[in-house]
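Here's the structure we're looking at; comments come further down.
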Amino acid sequence: MTWMIIILIALFILGYGIFLEPHLMRVRTVNYPHQQGIKIAHFADTHFTWHTSAKRFKKFAKNMDEEKPDLILFTGDLFDKVSWARENKSATQAVIKTLSALTAPLGKYAVFGNHDFEENQSHFVREILEKSGFTILNNRSVLTEKISISGIDDMREGVPDFAICPDHAAFSVLMIHEPDALLQLDQMKQFDLIVAGHSHGGQVRLGKLRLHNKGSKYFDSGKYKINEKTVLYVNNGIGLTFLPLRIGVVPEIVYYEL
């Protein structure tokens, strides 16, 4: 009888992880006392593929439409596999249509994740993101209003510039994919906010037990105070990889109120 109960509980958790939690949405807001009057939306790790279509992203797009952020940031892993995206043109067009509908007066910016590469190249994902209205910040910085936005290439598959510096501004943001990349940054203290993804918060998380992912060993979910100036936020992401399920880590979108 005990084994039967354990099996039933395991099947319930598995069913929840496959059929319910991946379809949920959590909205988080992080406030900063900088009085800039600017709202930033941040999403990550969409991992579009056969089990995570553009349709699943629509509730996140609707939320951004309602919240009306000034800036939209995407920190990588657009598709789960670039080869799948190349072969499924209708699904890729649906992604472009959905992302193109996102609007932000100060712009939409993105960096590459490790899943955005195919044979050491990220040209295909670059093309899709640019068609969707995103500016790729690949080892460079831009100045928009009172905010400096910087981004580096993926730590695992790309060629990141860890010596990147922000443009002079009242508030500086750095976009990275793997959160552990900040440990190699030469100018980390020059950034007010570092936003990352990659970890999916573990994707399967039961209490302190979670799946581990290279690149998010030290930082894997939520807000971290790195020093007296710098805060890191690791977004739990939206999509799935390796296993088509989420347990204990609801897909999320994060807003930073400055």
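Since every read-out is calculated from the coordinates, none of them should be taken as a lab result. Just so you know, these numbers come straight off a predicted model, no measurement behind them. Methodologically, a virtual Cβ is constructed for each residue, glycine included, from the backbone with ideal geometry; neighbour enumeration extends over all protein chains shown.
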Task: Estimated inter-spin distance, LEU24 and ASP167, nm [label 7 Å along Cα→Cβ] - done: 4.0 nm
Task: In Hz, Karplus ³J(HN,Hα) per residue of the stretch 28-40 (6.51, -1.76, 1.60; θ = phi - 60°; x = Gly, Pro) - done: 10, 10, 10, 9, 10, x, 9, 6, 8, x, 10, 10, 10
Task: With Cα atoms, 0 to 90° folded angle of helix 2-19 axis to the chain main axis - done: 40 degrees
Open item on the list: What is the distance in Å between the Cα centroid of the stretch 107-154 and that of the stretch 189-247?
Closed with: 19 Å
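In the structure displayed, which of LYS62/LYS97; LYS68/LYS108; LYS146/LYS217 lie more than 22 Å apart, Cα to Cα? Don't skip to the end; give the middle numbers.
Numbers: LYS62/LYS97 14 Å; LYS68/LYS108 12 Å; LYS146/LYS217 33 Å.
Flagged as over cut-off: LYS146/LYS217.
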Open item on the list: Treating only the Cβ of Lys, Arg, Asp and Glu as charged (+1, +1, -1, -1), what charge dipole size does the chain show about its Cα centre? Round to the nearest 20 debye.
Closed with: 760 debye
Open item on the list: Can you tell me how the stretch 1-130 classifies by the Cα gyration tensor, rounded, prolate or oblate, using a/c under 1.5 as the rounded cut?
Closed with: oblate
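What is the gain in length, in nm to one decimal, between LEU11 and GLU87 on full extension, counting 0.36 nm per residue of separation less the C-alpha to C-alpha distance?
Value of the extension gain: 24.0 nm.
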Task: Interchain or long-range residues, amide H under 5 Å from ARG205's placed H - done: ILE247, GLY248, VAL249
- [ ] May I ask for the angle, rounded to the nearest 10°, between helix 89-100 and the longest principal axis of the chain, with both axes built from Cα atoms and the value confined to 0 to 90°?
- [x] 50 degrees
- [ ] Find, among the GluC sites (Glu not before Pro) in the stretch 215-258, those assigned to loop by DSSP (not H, G, I, E, B) with at most 12 other beta-carbon atoms within 10 angstrom.
- [x] GLU228
- [ ] Find the centroid of the Cα atoms in the stretch 169-188 and in the stretch 45-102, then give the distance between the two in whole Å.
- [x] 24 Å
Open item on the list: For the chain, what does the relative contact order come out to in percent, with C-alpha contacts under 8 Å and a separation of six or more?
Closed with: 25 percent
Task: Given charges at Cβ of Lys, Arg, Asp, Glu: the chain dipole, positive-most of ASN120, THR75, PHE171 - done: THR75
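Could you check how many percent of all C-alpha pairs in the chain are farther apart than 27 Å?
33 percent
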Task: Cα→Cβ-extended label distance, 7 Å offset, between HIS123 and LYS68, nm - done: 4.2 nm
